[in-house]
Amino acid sequence: MPEFELIWNDETLKPEEFEGFFVGWENPPSPEVAYRAFKGASEYCLARIDGKLVGFITVFTDGFYIAYIPLLEVRPEYQRRGIGKALVRAAVERYKDFYKLDVLCDLRSVLFYQQLGFQWVSGATLVNTGRQSTGKT
């Protein structure tokens, strides 16, 4: 397998690069909506192989105290190669001096994050899957 490189806040990112992501989502966002979400994030890190976008993580933060990971995606054909773990580790390293780094995930993903040092906590969220594909405010 070719090596992947991680790039923070890559300004060369284009909407069409999001084709092939969000597999299994009830209402996956279009590449244009995904691109808008990226541009609204505080920061993002891309995983590329030979220039091709194969994974990404986004982070929202207040800049000094708390950071939150809303999106982590790896193209299905590149999963189970350590790319997702590398993206999370890159975020953990980047925000290591913050009070906390949060991620809200479904139960299927909890073990993945626990393997990377995250702790299970209780919480609540309001999810509107009808807006998952549109990004409307």
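The values are calculated or read from the model by the stated rules, or taken from the named source; none is laboratory data. Bear in mind that the values here come from a model prediction, so they are computed numbers and not experimental data. Heads up, the Cβs are rebuilt from the backbone with ideal geometry, glycines too, and the neighbour counts pull from every protein chain shown.
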**Asked** Within segment 65-85, can one find any residue that is touching an Asp or Glu at 6+ places or on another chain (Cβ under 9 Å), hydroxyl-bearing (Ser, Thr, Tyr) and within 25 Å of ARG131 (Cβ to Cβ)?
**Response** yes
Given (1) of a type in the set (Gly, Ala, Ser); (2) assigned to a loop (DSSP other than H, G, I, E, B); (3) more than 17 Å from the chain's Cα centre (by Cα), GLY130 misses just (2)
Of the conditions (1) more than 14 Å from the chain's Cα centre (by Cα); (2) surrounded by 18 or more Cβ atoms within 10 Å (Cβ to Cβ); (3) aromatic (Phe, Trp, Tyr), the single one that TYR65 does not satisfy is (2)
Subset of segment 103-130, residues touching a residue at least 24 places away in the same chain (Cβ under 8 Å), loosely packed, with under 15 Cβ neighbours inside 10 Å and under 23 Å from PRO29 (Cα atoms), comes to LEU104, THR129, GLY130
Here the qualifying pairs (Cβ atoms under 9 Å; residues six or more apart or on different chains; first in segment 11-31 and closer than 20 Å to ILE49 by Cβ; second part of a loop (DSSP other than H, G, I, E, B) and among the hydrophobic types (A, V, I, L, M, F, W, C)) come out as PRO31/PHE21
Do the conditions hold for ILE49, that is, is it out of contact with any strand residue (DSSP E or B) (no Cβ under 7 Å at 6 or more places or on another chain), surrounded by 12 or more Cβ atoms within 10 Å (Cβ to Cβ) and at pLDDT 95 or above? yes
Does ARG89 meet the test of being charged (D, E, K, R), out of contact with any Gly (no Cβ under 6 Å at 6 or more places or on another chain) and in a loop (DSSP other than H, G, I, E, B)? no
